[in-house]
Amino acid sequence: MPEKKLHNRNILLITVFSLLACGLHSLMLYTPFNQYAYTSALKFALFMLCPAIYFALANSGRFKDLFSFRGNKKYIKASFFLGIGAFVFILAAFIAINPLLDRVMIVGALSNVGITGENYLFALAYYILINVALEELFFRGFLFLTLFRMNVKSYAYIFSGLLFAAYHISVMRAGVTPGLMILSIAGLVFVGLLFNDITRRCESAIGSYFVHICAGLALGLIGAYLVKG
C-alpha cells in the first residue's frame, strides 16, 4: 500500500475506533445496565481493546508504548505544580457556583448509576487510580499523541479535545442546570485542549495524567461533600 494511502487509512482507523469506543460507552448509559460497575467494565474493555486493535491493524506504533512514562522531564515536573493549582482552582470554583448546583438532583443521578454514600469512597478510589489513567491513556496517549505524531497536528488537537468534551457531557448529562451545562461544555473543551498541550510539551501522557488526578481528586472531594452532606 502506498505510504500516503496507508497514512490516511491509519488516521481514519483512529477516528473510527475512538468514536466507536466513546459511542458504545455512551449508549450503555441509556440501557438498564447503566450501573457504575457495568459501565466501568465496558469502558475498560473499549478503551483498551480499540487502541490494541488499531495498532494491530495499522502496522505503525506499538500498543505497549502507550504505557511509557518517558518524556520531557522539565515539563513533567511543571505539570506537578499545575496539578496542584488545578486542585485549588476547582475547590474555589465549587464554592463560587455552589448556589447553582441542585444537590438533590446530583445525589439522585449518582444513586441512579449505583453510587451511594455507602460505596462512594470505593467509587472515588477507582476513579482516581484506574479511570483517570484509562482516560489519559485513551484520549491523550492513543488519540492525541498518535495523531499528532502523524503530522495532523491541528486535527489531533481539535478532534481529541471535542471528543473528550462530548464523552464527558454524555456521562454528566444529569444533575446540572442548563446554564451550568453550557459552562461545563465550554470548560471541558478548554480542559481537553489544555491536556493535549500538556501532553505535547511533556511528550507523554504522564503530565496530563497528574493534572487529571489532581482535578479528579478535587471533584471527588466535592462529590463526597454533596453525597455525605
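Got a sec? Charge dipole of the range 1-152, +1 on Cβ for Lys and Arg, -1 for Asp and Glu; which of Phe33, Thr15, Ile130 is way out at the positive end?
Towards the positive end, the residue furthest out is Thr15.
When a/c is below 1.5 the answer is rounded, else prolate if a/b is larger than b/c, else oblate, so apply that to the range 143-229 with a ≥ b ≥ c taken from the square roots of the Cα gyration tensor eigenvalues. Could you put the intermediate results ahead of the total?
Working: a/c = 3.24, a/b = 1.65, b/c = 1.96.
The shape class here is oblate.
How large is the helix-only mean residue ellipticity at 222 nm for the chain, computed as the sum of -39500 (n - 2.57) over DSSP H runs with n ≥ 4, divided by its residue count, in deg cm²/dmol to the nearest 500? Each step should come with its number before you reach the end.
Numbers: 10 runs with 166 residues, N = 229.
Calculated at 222 nm, the ellipticity per residue is -24000 deg cm²/dmol.
When each pair of different Cα atoms in the range 1-64 is counted once in the 1/r mean, what is the Kirkwood radius in angstroms, to one decimal?
Kirkwood radius, the range 1-64: 12.9 Å.
Taking square-rooted eigenvalues a ≥ b ≥ c of the alpha carbon gyration tensor, is the range 38-146 rounded, prolate or oblate, where a/c under 1.5 means rounded and, failing that, a/b exceeding b/c means prolate?
Cα axes put the range 38-146 in the oblate bin.
Given charges of +1 on the Cβ of Lys and Arg and -1 on the Cβ of Asp and Glu, with all other atoms neutral, how large is the dipole of the chain about its Cα centre, in debye to the nearest 20?
Computed about the Cα centre, the dipole is about 700 debye.
Could you tell me how many degrees, from 0 to 90 and to the nearest 10, lie between the Cα long axis of helix 73-97 and the main elongation axis, the longest principal axis, of the Cα atoms of the chain?
Tilt relative to the chain: about 30 degrees.
Of the listed peptides 77-87, 189-199, what is their order by residue-averaged count of other C-beta atoms within 10 Å, with the highest listed first?
Highest-to-lowest ranking by the protection proxy: 189-199, 77-87.
Could you give the Stokes-Einstein D for the chain in µm² per second, using the C-alpha Kirkwood radius, 20 °C, 1.002 mPa s? Could you put the intermediate results ahead of the total?
Numbers: Rh = 18.4 Å.
Stokes-Einstein gives a translational diffusion coefficient of 117 µm²/s.
How large is ³J(HN,Hα), in whole Hz, for each residue of the range 216-222 in order, when computed from phi with the Karplus curve 6.51 cos²θ - 1.76 cosθ + 1.60 and θ = phi - 60°, using x for Gly and Pro?
Result, ordered by residue: x, 5, 4, 5, x, 5, 5 Hz.
Could you grab the relative contact order for the range 1-127? Cα pairs under 8 Å, six or more apart, rounded to a whole percent.
Over the range 1-127, the number comes to 27 percent.
Along the charge dipole of the chain, Cβ charges K/R +1 and D/E -1, which of Gly114, Phe89, Leu100 sits furthest on the positive end?
Phe89
Can you tell me which of 2-9, 89-96 comes out highest on packing, and rank the rest after it, using the mean Cβ neighbours within 10 Å?
For the peptides 2-9, 89-96, the packing ranking is 89-96, 2-9.
Just so you know, all these numbers are worked out from the coordinates, no wet-lab data involved. Since this is a predicted model, take the numbers as computed values, not measurements. Counting neighbours? That spans all protein chains shown, and the Cβs are built from the backbone with ideal geometry, glycine included.
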